[in-house]
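The values are calculated or read from the model by the stated rules, or taken from the named source; none is laboratory data. Small disclaimer: the values here were computed from a predicted structure and weren't measured. All Cβ positions, even for glycine, are placed from backbone atoms using ideal geometry, and neighbour counts span all protein chains on display.
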Amino acid sequence: MKDIVLFAGSLIVIGLALAVVPYPLPWRLGGGALLLLLWAYGLWRAAGGLLRPTSAVRLLPGHALLLLALGLVGSEAGFWAWTALPVLSLLLDLARHRSLATGMYAILWLDVFALLHQVVARGRNLTGLPFVLWSGGLALVAILFVANGVRRIWTKGVMV
């Protein structure tokens, strides 16, 4: 039941984000195709009872909202960096070797933190010392977060 709510809600969030985001139509169609591919994959895995509770596919609504936020702050480079998120989420869910999962996990989350940095820095027009403090603080949080996740995957075999 929880999966049905997740994927129904995700479809609504995807539709709203793509309707509102001010990117050019071809970009919105490409982003929408990536999100719908991840949505269909997640729905297929959930229907078979194979979607793990820690699967990165469950981050789908967040991917759509991050695309919307990047569009609202006018980040064109952020859009291209965002396109890796749905693909990495799918590949991370399919990864069965720890070394592969570790690398994809690190890339996925460092990309997410970089995109969040972009949203806040551009949205708030940060410059000077506030920009440096925001960048340094977020970099520290990102490194600690990713290091902890990599440690869990590598030592305990926990697929996140």
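Here are the numbers for this structure:
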item: Ala64 vs. criteria at pLDDT below 95 and crowded, with 19+ Cβ neighbours inside 10 Å; result: no
item: Unmet criterion (only one of (1) modelled with pLDDT of 95 or more; (2) outside any helix (DSSP H, G or I); (3) farther than 25 Å from Gly123 by Cβ) for Gly49; result: (1)
item: Subset of region 104-137 that is of a type in the set (Val, Ile, Thr) and either loosely packed, with under 14 Cβ neighbours inside 10 Å or under 22 Å from Arg151 (Cβ atoms) (or both) - its residue that is nearest to the chain's Cα centre (by Cα); result: Val112
item: Residue under evaluation Leu59, criteria (1) part of a helix (DSSP H, G or I); (2) of a type outside the set (Ser, Thr, Tyr); (3) touching a Gly at 6+ places or on another chain (Cβ under 8 Å), criterion not met; result: (3)
item: Residue within region 20-27 that is part of a helix (DSSP H, G or I) and over 29 Å from Leu126 (Cβ atoms) present; result: yes
item: Subset of region 85-128 (residues that are part of a loop (DSSP other than H, G, I, E, B) and either within 22 Å of Leu68 (Cβ to Cβ) or among the hydrophobic types (A, V, I, L, M, F, W, C) (or both)); result: Ala95, Arg124, Asn125, Leu126
item: Lone qualifier among Ala81, Ala77, Ala69 - being assigned to a helix (DSSP H, G or I), over 14 Å from the mean Cα position of the chain (by Cα), aliphatic (A, V, I, L, M) and closer than 29 Å to Asn125 by Cβ; result: Ala77
item: Which numbered condition Phe131 fails, given (1) free of Cβ contacts under 8 Å to residues at least 12 places away in the same chain; (2) not in a helix (DSSP H, G or I); result: (2)
item: Candidate set: region 17-46, residues that are surrounded by fewer than 17 Cβ atoms within 10 Å (Cβ to Cβ) and free of Cβ contacts under 8 Å to residues at least 12 places away in the same chain; chosen: the one farthest from Gly71 (Cα to Cα); result: Trp44
item: Test: residue in region 1-15 that is within 22 Å of Gly103 (Cα to Cα), modelled with pLDDT of 95 or more and in contact with a helix residue (DSSP H, G or I) (Cβ under 6 Å, 6 or more places away or on another chain); result: no
